[in-house]
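Encoded as structure tokens, the structure appears first; notes follow it.
Derivation of every value follows stated rules applied to the coordinates shown; laboratory data play no part. For clarity, every value in this text was computed on a predicted model and none was experimentally measured. All Cβ positions, even for glycine, are placed from backbone atoms using ideal geometry, and neighbour counts span all protein chains on display.
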Amino acid sequence: MGCSVAACRNLREILMFQEVFLISPNDIAREGLSNILQSEGFSIAGAYEDYTGFQTNRDNAKAIVLLDGLDSSDQARTVGDLKDANPQSVIVVLSEKFDLEQMVACFHAGAQGYIIKSIKAAPLIASLRLAAVGERVVPADLMNFFENGGRQSRPESIPSACTEEACLSPREQDVLRCLIAGYSNKVIARELVVCEATVKVHVKAILRKLKVSNRTQAAIWASSHGFSEVRQTA
């Protein structure tokens with residue numbers, strides 16, 4: 001029995017996301033990653049030494065692009081360049097070490113995942129599949145960062161920008177602390193003794209001022225700038 005047009009289109013899109021373009025300057029790394037991915041059902045659509053060798057292919061516009069071996073200072077720029085040329089691609093960065101500032105920059109540039117190379121094969125595969133279906137993939141190091149209050153294990157490279165630089169009001173700073181805790185608007189309203197509509201206004205203002213697109217990114221920014229506790233209110 002043949003499939004419907006819609007079903008065939010969905011199947012084609014699923015198969016596209018089983019295709020991976022590898023970009024790594026290291027021959028052994030490319031070969032090793034290729035073997036791991038192919039053993040798990042992925043198809044290697046292309047492997048390149050650097051991103052300039054990667055050519056846009058309309059048939060694979062939605063494939064996964066796995067970036068490996070880049071200097072941390074080049075990661076976000078490369079992600080941005082690739083995303084501009086291939087807006088429908090799913091870009092995942094494989095980084096040598098955890099760098100909070102660069103991770104945030106990569107997500108701002110359009111990355112769908114940021115993975116540390118010390119990861120084992122099974123979680124790597126799971127992470128790529130999550131990224132393929134639209135989930136943001138972040139490393140376990142980020143949770144360690146939060147558990148340490150955003151201070152002890154914070155990379156030295158994090159900028160020292162402060163809330164004055166972002167022009168956050170005292171009340172917006174209170175809301176931002178609540179976002180770190182993962183509070184919903186309703187809980188924030190109860191915590192700060194304001195109405196929920198007011199909280200929504202503050203959250204929108206925070207996202208705009210920090211130039212981030214969602215609450216998670218705002219929480220990451222806050223943690224990297226010393227916000228680690230919800231201020232107690234009277």
Next item on the list: Provide the per-residue ³J(HN,Hα) series for region 200-212, in order, calculated from phi with Karplus coefficients 6.51, -1.76, 1.60 and θ = phi - 60°, each as a whole number of Hz, with x at glycine and proline positions.
Entry: 4, 5, 5, 4, 4, 5, 5, 4, 5, 5, 7, 6, 10
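Hey, with R₀ at 22 Å, roughly what FRET efficiency would ASP27 and GLU96 work out to, going by the Cβ-Cβ distance, to 0.05? Before the final figure, lay out each step's value.
On the way: r = 17 Å, r/R0 = 0.77.
It comes out at approximately 0.85.
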Note to self: At a 10 Å Cβ-Cβ cut-off, how would you order GLU19, GLU31, fewest neighbours first?
What the structure shows: GLU31, GLU19
Next item on the list: Determine the alpha carbon to alpha carbon distance for each of LYS97/LYS120; LYS83/LYS211; LYS83/LYS209; LYS83/LYS186; LYS62/LYS200; LYS117/LYS209 and list only those over 26 Å.
Entry: LYS83/LYS186; LYS62/LYS200; LYS117/LYS209
Notebook entry, point to check: Would you list THR198, THR78, THR52 from fewest to most Cβ contacts within 10 Å?
Noted result: THR52, THR198, THR78
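What FRET efficiency comes out for the pair ARG171/SER213, r = Cβ-Cβ distance, R0 = 22 Å, nearest 0.05? Before the final figure, lay out the partial values.
Details: r = 22 Å, r/R0 = 0.99.
Given R0 = 22 Å and the Cβ-Cβ separation, E is 0.50.
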Next item on the list: Give the long-range amide H neighbours of ILE44: residues separated by 5 or more places, or on another chain, with amide H under 5 Å away, using H modelled in the peptide plane at 1.01 Å from N.
Entry: VAL20
Check: Tell me, what HN-Hα J-couplings in whole Hz come from the Karplus equation 6.51 cos²θ - 1.76 cosθ + 1.60 at θ = phi - 60° for each residue of region 98-104, using x for Gly and Pro?
Finding: 7, 9, 4, 4, 5, 4, 4
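If each residue of separation counts as 0.36 nm, what is the full-extension length gain between ILE44 and LYS200 once their alpha-carbon separation is subtracted?
Value of the extension gain: 51.7 nm.
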